[in-house]
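The values are calculated or read from the model by the stated rules, or taken from the named source; none is laboratory data. It should be emphasised that the depicted structure is a prediction, and the values quoted were computed from it without experimental measurement. So basically every Cβ, Gly included, is an ideal-geometry build from the backbone, and we count neighbours across all protein chains shown.
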Amino acid sequence: MAFDIELEPDEKLILCNEFQADRHTEPFAFAVSDRAIFITRIKHFVRDPYYFERVPLASVKQVSLKRGRPLFMWVLAFLFFGFGLTLTFLMMMPVLRGEEGYVSGVPIAMTVCGLILPFIAKGRKVLTVELKNETYKWKPRLVVDKKSREQIQKLQEGILNACEQVGIKILKENGSTLS
C-alpha cells in the first residue's frame, strides 16, 4: 500500500497517516497540506487500486467526527443472540431428554457474539468530509483489540487537528463548530 502525494512548489505537508487493521481490510489513508486535503479513492480493475485524490481546501465545506448509528448493530446483535439461543435450545433438547444428540459450539458462539457485538461497536465514530459536490465518509471496521481501537482514535483526532490547523470548519458531535 503506497500512496503517492504530489505537492505543489512551496506546499507543506501537515499530516499523512495510513491505517489498515489487517491484510484483508481496505487501507485508509488521509493527508492534509496547507493547500489541499488528500483522500483515499479506489480505481477498479487495476493492480494497485488505491490512490490519493487531491481536493483543494476551497472545495471542503467541513469535517466532522460523529458516532455511527447503532441501530443496525443492535438489530444484528439481537438476531445473532436470538438465533443462537434458539439453536442452542433445539440442539440441547435431545441431550436433556436422555436421547442421543449432536452438540456443537456454533450456536453458543452465535449467542455470545450477539451479546458482545454492541459493546464492540460502542465507540466507533464516522469521519465525514463534506465537499462542495459530495460527501466522503470513512467508517472504520469493527476491531476487537484495544491497540487497533486506540490507533483509529488517534488517527481520527489527528485528522481533525490537522484540518483545524489549515482553517477547515470542524463540526463537533453536539452541533457546534470549532473554527
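May I ask you to list the residues in the stretch 25-44 that are modelled with pLDDT under 85 and over 16 Å from residue 139 (Cα atoms)? Those that are modelled with pLDDT under 85 and over 16 Å from residue 139 (Cα atoms): 43, 44. A single member of 52, 3 is within 20 Å of the chain's Cα centre (by Cα) and either at pLDDT 85 or above or under 18 Å from residue 166 (Cβ atoms) (or both), and it is 52.
Applying a threshold of 6 Å to beta carbon distances and a minimum spacing of six or more residues, or different chains, the list of pairs starting in the stretch 2-29 at a residue that is without any contact (Cβ under 8 Å) to a residue 24 or more places away in the chain and ending at one that is of a type outside the set (Ser, Thr, Tyr) reads 12/34; 16/31; 18/29; 20/27.
Within the stretch 36-61, the set of residues being part of a loop (DSSP other than H, G, I, E, B) and touching a strand residue (DSSP E or B) at 6+ places or on another chain (Cβ under 7 Å) comprises 43, 49. Of all residues in the stretch 101-154, those satisfying the criterion of being within 22 Å of residue 172 (Cβ to Cβ), assigned to a loop (DSSP other than H, G, I, E, B) and either touching a Pro at 6+ places or on another chain (Cβ under 8 Å) or modelled with pLDDT under 90 (or both) are 121, 122, 123, 124, 139, 140.
Screening residue 17 with (1) outside the structural domain of residue 145 (by TED's automatic domain parsing); (2) closer than 22 Å to residue 126 by Cβ gives one miss only, at (1).
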